[in-house]
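The values are calculated or read from the model by the stated rules, or taken from the named source; none is laboratory data. Computed from a predicted structure; not experimentally measured. Methodologically, a virtual Cβ is constructed for each residue, glycine included, from the backbone with ideal geometry; neighbour enumeration extends over all protein chains shown. When the accessible area is computed, the model is the full protein with side chains, heavy atoms only, and any ligands, DNA or RNA have been set aside. Shrake-Rupley method; radii C 1.70, N 1.55, O 1.52, S 1.80 Å.
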Amino acid sequence: MSWPLSIQTASEQGGLVLLVGDSSVGKTRCAYEAVRAVVPQWWLLQPADVEQVDRAAAAVPARLVVWLDELHRYLGGPAGLRAGTVRTLLDAGAVLVATLWPDRYIAYTTQPIPGRDDPYAVEREVLGLASVVGLASSFSDAEYERARAAAQCGDRRIALALESTDYGLTQVIAAAPQLIERWHSADPYALAVLNAAIDITRLGVRSPLGADLLRDAAPGYCNPRQRADAPPNWFEAALAYSSQRLRGAAAALAPIGTSNTMGQISGYLVADYLQQYAEGQRRATKVPASTWQSLCEHLTDPGDQVRAAMAARNRLLYRYAEPLLQNAADGGNKHAALLLADLLLRQGRTEEGLTLLRAQVDAGDLYAQIRLVDWLVEQSGVEELRARADAGDEYAVDRLVDLLVEQGREEELRAWANAGERHVLRRLVDLLVEQGREEELRAWANAGEHYAHRRLVDLLKEQGREEDLHARANAGDWYAAERLAELLVEQGRVEELHARANAGDVVAVLRLLSPLVEHGGAAELHTGTAADEVLASIRLVNLLAEQGRDEELHARANAGDVVAAVRLHMLLVEQERRAQMRLRVTNEKILAQVRLLNLLVEQGPEARLRVRPDLADLADLANLTGERLVGLEGKQDQEDELRAAFNADLERTAHLLVEQGRVEELRARADVGDWHAADRLAELLVEQGRVEELRARVDAGDWHAAEQLVGFLMEQGQEAGEQLRRYGLSAEE
């Protein structure tokens with residue numbers, strides 16, 4: 001178990017340590033024991049909400065542990081925990097300890113399919129800062145031996161837990177069997193309340209569930225006869241049954257008190273183990289209309305409203321998504337207003353959507369500004385785009401240039417560039433390079449356009465046209481001299497570089513003496529007077545840098561001192577590197593993925609199909625390859641590449657399953673959070689005309705299936721498809 005070591009490392013440099021595992025496998029206790037063993041004298045903050053985390057980040061005390069048990073309660077789009085807040089805490093040396101279920105970790109960290117919505121971008125950025133430790137659902141042989149020894153020494157709880165064959169030892173101790181039995185044995189009314197609570201929680205509601213919310217949702221889980229036969233106290237009896245403590249510990253619905261009053265209940269939370277178990281059982285179960293209506297009427301937390309609204313949208317239930325978003329927007333949630341505008345635009349309610357969107361733009365909402373511009377691009381709204389660009393909207397400039405390039409309207413680009421728009425000129429230059437129109441590129445460069453000049457010189461180097469590079473370098477073109485020096489070094493032609501240095505080429509001298517520029521040592525290379533002058537300059541600027549006299553360095557660079565400019569650039573690069581090092585954390589999940597990929601490559605493509613994309617399996621398989629890639633820790637660029645490679649592997653696996661007709665495995669992967677599998681499964685159902693199954697997946701909240709269903713109906717019949725796009729599905733259908 002590497003948890004204490006991770007806490008130790010985090011205590012030395014600041015770090016977020018995330019323990020991923022199923023409910024009731026000991027995550028919280030493991031975290032507690034590790035913190036107590038490694039940092040027992042530190043301050044401990046258990047924040048009630050994200051606002052308290054933000055306040056802690058504004059003034060971080062020394063030696064602080066931030067306890068984020070059940071991390072998903074703190075995450076949730078723009079209103080949730082932000083990566084910037086986490087970085088601030090880490091920079092101050094704080095230790096953040098968090099726990100999360102595997103399915104949520106997978107959903108948050110899986111890369112979106114290109115061109116599709118990215119609902120978990122904020123969450124993925126936060127989790128990218130974590131050192132991840134996977135906790136298996138069952139004990140190892142050695143751990144079971146220690147448990148048996150404890151049982152033999154008289155620990156009755158462990159002895160009873162070891163007798164269970166259906167649950168893990170920690171789950172039995174946490175009353176997991178009793179929780180499941182409580183759910184299965186409930187009468188129709190208690191079962192209705194429990195299922196309503198479970199469904200509302202899986203729709204994204206995180207606040208305690210109020211009694212009114214549960215009471216109004218429950219009727220949809222009873223049949224007409226049960227509703228007619230309900231006794232007067234059906235709800236009170238159901239609530240008492242559901243909230244009774246089992247074995248003196250857990251309750252299926254745990255009462256939560258109010259913040260200021262003793263003995264008052266603000267709502268109820270579903271026991272974690274029951275929630276995780278029941279979610280798996282009810283994944284494909286349709287949420288009744290009574291629940292959606294109750295959410296619209298009783299939810300008050302804007303974050304809950306937004307999450308429930310997106311769950312409704314994913315099911316094409318616009319009649320509920322819209323009021324939920326409207327309620328959140330009325331409460332001041334800017335993100336909800338933007339989502340509502342987007343929902344209206346998706347439904348073809350253009351005027352309503354644009355009115356709301358423009359109001360958000362006028363209020364200074366950057367995200368609304370981006371969405372408005374993107375919509376104009378989708379509609380080829382060149383005139384309004386140009387108006388926004390002329391008014392100083394830089395994003396509108398970018399997207400309008402893209403649109404003009406796509407439409408081949410080069411003359412308009414050229415006219416815009418001639419009018420002095422720098423970004424347009426850059427895109428025009430890029431277009432000239434892509435199309436190999438060197439003469440026009442040269443004309444812009446000769447006219448003094450800096451970007452055109454650099455692209456032309458880069459092109460000359462790429463094509464190995466040394467004569468042109470020599471000519472421009474000899475004429476005083478510093479950038480051409482730099483690229484020529486690079487070319488000579490790459491080809492091992494050091495003598496020619498010496499010759500240029502002796503002829504007074506400062507760039508060549510700097511290239512030859514680059515180790516001295518960095519370290520400031522004595523010259524061992526004798527390349528003539530030019531080198532001596534540069535060495536003197538090197539010693540001076542190094543002295544200024546060592547003494548922190550940055551203003552003098554800037555002054556020399558601005559006066560044309562090339563060496564000062566180079567040294568100043570190196571200082572900035574070094575500062576950036578150090579900043580990145582402070583933010584660096586070890587991501588054990590990435591290491592596990594890397595090792596798994598190596599193992600699967602060795603075993604062939606069939607091995608990929610045996611892997612469910614959850615953390616426990618990744619960690620188990622990764623151990624088979626040993627410590628081959630342990631040196632990867634902290635190398636963010638390699639981690640990013642390997643993350644992309646792993647997602648590409650998921651995509652290839654999904655396609656391979658389709659090719660081999662292994663639909664059940666594809667469905668299983670989709671159900672545990674593999675977006676690539678979900679997308680490919682939805683496409684397959686459309687190809688095979690299995691519309692009912694597609695609708696069932698929409699009912700379960702599969703947005704990939706929702707998009708495919710809309711597209712399918714649009715192709716089959718314009719009227720039916722347009723009606724679905726505009727009004728969504730009825731919750732009763």
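Here are a few things to note about the model shown:
- Region 339-420 - charge dipole about Cα centre, Lys and Arg +1 at Cβ, Asp and Glu -1, debye rounded to 20: 140
- Accessible solvent surface per residue of region 372-430, calculated while the other protein chains remain in place, 1.4 angstrom probe, Å²: 49
- Förster-model FRET efficiency, 25 Å R0, R148 and Q281, C-beta, rounded to 0.05: 0.20
- Rounded to the nearest 10 Å², the accessible area of E411 at probe 1.4 Å: 130
- 3J(HN,Hα) along region 672-678, derived from phi through the Karplus expression 6.51 cos²θ - 1.76 cosθ + 1.60 where θ = phi - 60°, amounts to 9, x, 7, 5, 5, 5, 4 Hz, with x in place of Gly and Pro.
- The amide H of S266, built 1.01 Å from its N in the peptide plane, has I256, G257, T258 as neighbours under 5 Å, considering only residues 5 or more places off or on other chains.
- Within the accessible area of region 6-82 (1.4 Å probe), percent carbon and sulfur: 49
- Computed over protein heavy atoms with a 1.4 angstrom probe, the accessible surface ordering of W234, W478, largest first, is W478, W234.
- Order of exposure, largest accessible area first, which applies to F235, F712 with probe 1.4 Å: F712, F235
- Each label point was placed 7 Å from the Cα along the Cα-to-Cβ direction; for S243 and Y367 their separation is 3.5 nm.
- Ranked order, K461, K286 - accessible area, probe 1.4 Å, largest first: K286, K461
- Accessible surface of D187, taken over heavy atoms with a 1.4 Å probe and every protein chain present, rounds to 80 Å².
- At full extension, A668 and Q463 could sit 68.7 nm farther apart than now, given 0.36 nm per residue minus the alpha carbon distance.
- In this rough spin-label picture, where each label sits 7 Å from Cα along the Cβ direction, the R454-Q547 distance is 3.3 nm.
- Surface share of carbon and sulfur [accessible, 1.4 angstrom probe, percent] for region 393-492: 44
- Region 24-106 shape via C-alpha gyration tensor axes, a/c threshold 1.5: oblate
- Two-site label geometry, Q52 and R346: point separation in nm, points 7 Å out along Cα→Cβ: 3.4
- Sequence-distant contacts, meaning Cα pairs under 8 Å at least 6 residues apart, place the relative contact order of region 304-375 at 20 percent.
- Exposure of Y221 as accessible area (Å², to 10), given a probe of 1.4 Å and all protein chains: 40
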